[in-house]
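Taking it in order: structure first as structure tokens, then the write-up.
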Amino acid sequence: MKIEQRIWDRNKGWNIKLPYNSSKTQLLLIFGAKECLLNEKLLQQIKEAYPNALLFGCSTAGEIIDTRVYDNTIILTAVNFESTLIKSSYVRLQEVDNSFRAGEKLAGLLPAKIFNENSSVEENLFHIIVLSDGLKVNGSDLVKGLSAQLPPEVTITGGLAGDSDRFQETFVIGEDRPQTGIISALGLYGSKLKVGFSSFGGWDSFGQDRLITKSKGNVLYELNGQSALELYKKYLGEHAKDLPASALLFPLSLRSKSEEQPLVRTILSIDEKEQSMTYAGDVPEGSYARFMKANIDRLIDGAVSAAKMSCKTLGSQYPELALLISCVGRKLIMKQRIEEEVEGVREVMGNKTTLTGFYSYGEISPFARNEKCELHNQSMTITTLLEE
């Protein structure tokens, strides 16, 4: 696997000049601020520099390259695989009934096998990376739909696109251009590819468990028979005026059974008239929720734990490429310390691993190998790739 990276800044331009007709590049991972991603002239420059590359990326709430975290840039990671084959698909949310159907359709558009002309054999679909609109989707249902359509041996990771802390409009690349309201999937094929993944948070729960007494899908109405929105405002205090962004400071820890590993949910929007809050994933009635708060050192430890677990599958070898998808809530909490979580990942993986990624509105991954894929919030989710 050969990898090169570049960064574009609206004031400085490219840190390294774009190549001329780099025809061997197969995959371009493009993560950038919404305004940068919608720069048509810039996108055309990228296409001309890498004419045969598949473009895969989305808008962000912050961009990751190496151990640096940026805003208002485009991070470009060009990948040339030795033996792995790739295929992409996408669906428009407006053309399907719901997020579950979107996941089913998206997975169904990827072939189960691809013929490798170099080796004259068929390569099986091995792993899927998913990028979704961050505001118009129920991430839990999306994951369920993908999982229902795919064989159990095909693993899934990915995330929801971001829009800084504005929560207004997000974009995902489909047909080589950024579009709103779509979900895109990158299928990885080949027997020589090893993929690792993990997701960890590091938040502390506080207060009592509260029963979700009224909800529908990813919309929450009542906790313990009381307005969940009013209760949330009480805990937020002076921060309530900044909803929904301020809700990232106090996410919900969600569980159905006491022995389950809890999932974390954050708000995408609120409805004052309905007294409801819409989350990135399901908040089922009968589940128990607790408020959470940040401990910055524990958040950093969570990123390190995710790095260690994602490398475990690779054995004694270090990954060649690591895709980091971390939640915008972590970025808002850690502020000037945000790069410490990326530096922690670097310490685990060593200097030869290329790091790229973005800050998201939701993260998609199993907690670890042999566990089911879930939508997470407020986590650091890492996907590691290595060609043998």
Could you tell me whether segment 100-111 includes any residue that is assigned to a strand (DSSP E or B) and at negative phi? no
Evaluate the following for MET349: is it out of contact with any strand residue (DSSP E or B) (no Cβ under 9 Å at 6 or more places or on another chain) and open to solvent by less than 10 Å² (accessible area, probe 1.4 Å)? no
Expected single match for closer than 21 Å to LYS24 by Cα, of a type in the set (Asp, Glu) and free of Cβ contacts under 8 Å to residues at least 12 places away in the same chain among GLU117, GLU123, GLU95, GLU82 is GLU117
So GLN261 fits all but one of (1) modelled with pLDDT of 85 or more; (2) surrounded by fewer than 17 Cβ atoms within 10 Å (Cβ to Cβ); (3) under 23 Å from the mean Cα position of the chain (by Cα); (4) under 27 Å from GLY145 (Cα atoms); what number is the exception? (1)
For SER119, which of the numbered conditions (1) of a type in the set (S, T, N, Q); (2) under 30 Å from LEU220 (Cα atoms); (3) part of a loop (DSSP other than H, G, I, E, B) fails to hold? (2)
Checking SER276 against (1) polar (S, T, N, Q); (2) crowded, with 18+ Cβ neighbours inside 10 Å; (3) touching a residue at least 24 places away in the same chain (Cβ under 8 Å); (4) closer than 21 Å to HIS376 by Cβ, which test does it fail? (4)
Residues in segment 348-385 that are in a strand (DSSP E or B), more than 21 Å from ILE75 (Cα to Cα) and of a type in the set (A, V, I, L, M): how many? 1
Would you be able to say whether some residue in segment 124-142 is assigned to a loop (DSSP other than H, G, I, E, B), in contact with a helix residue (DSSP H, G or I) (Cβ under 9 Å, 6 or more places away or on another chain) and open to solvent by 20 Å² or more (accessible area, probe 1.4 Å)? yes
So in segment 282-299, with the set limited to residues that are assigned to a helix (DSSP H, G or I) and open to solvent by 20 Å² or more (accessible area, probe 1.4 Å), which one is nearest to LEU254 (Cα to Cα)? ARG298
Checking ILE364 against (1) under 24 Å from ILE86 (Cα atoms); (2) at pLDDT below 95; (3) in contact with a His (Cβ under 9 Å, 6 or more places away or on another chain), which test does it fail? (2)
Might you let me know whether segment 359-377 holds any residue that is more than 25 Å from LYS144 (Cα to Cα) and either of a type in the set (D, E, K, R) or buried (at least 19 other Cβ atoms within 10 Å of the Cβ) (or both)? no
Please go through segment 50-83 and pick out each residue that is part of a loop (DSSP other than H, G, I, E, B), closer than 15 Å to ASP9 by Cα and open to solvent by 10 Å² or more (accessible area, probe 1.4 Å). ASP71, ASN72
Out of everything in segment 1-30 that is closer than 30 Å to PHE167 by Cβ and of a type in the set (Val, Ile, Thr), what residue ends up being surrounded by the most Cβ atoms within 10 Å (Cβ to Cβ)? ILE30
Starting from residues that are over 14 Å from ARG298 (Cβ atoms) and part of a helix (DSSP H, G or I), keep the ones in segment 330-340 and report whichever is modelled with the highest pLDDT. GLU339
Within segment 31-44, how many residues are over 22 Å from the mean Cα position of the chain (by Cα) and open to solvent by 70 Å² or more (accessible area, probe 1.4 Å)? 3
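The values are calculated or read from the model by the stated rules, or taken from the named source; none is laboratory data. Note that the structure is a prediction, hence the values are computed from the model and not measured. No Cβ is skipped: glycine too gets one built from the backbone with ideal geometry, and neighbour counts run over all protein chains shown. Ligands, DNA and RNA are stripped out before the accessible areas are found, and what is left, the full protein with its side chains, is counted by its heavy atoms. Shrake-Rupley method; radii C 1.70, N 1.55, O 1.52, S 1.80 Å.
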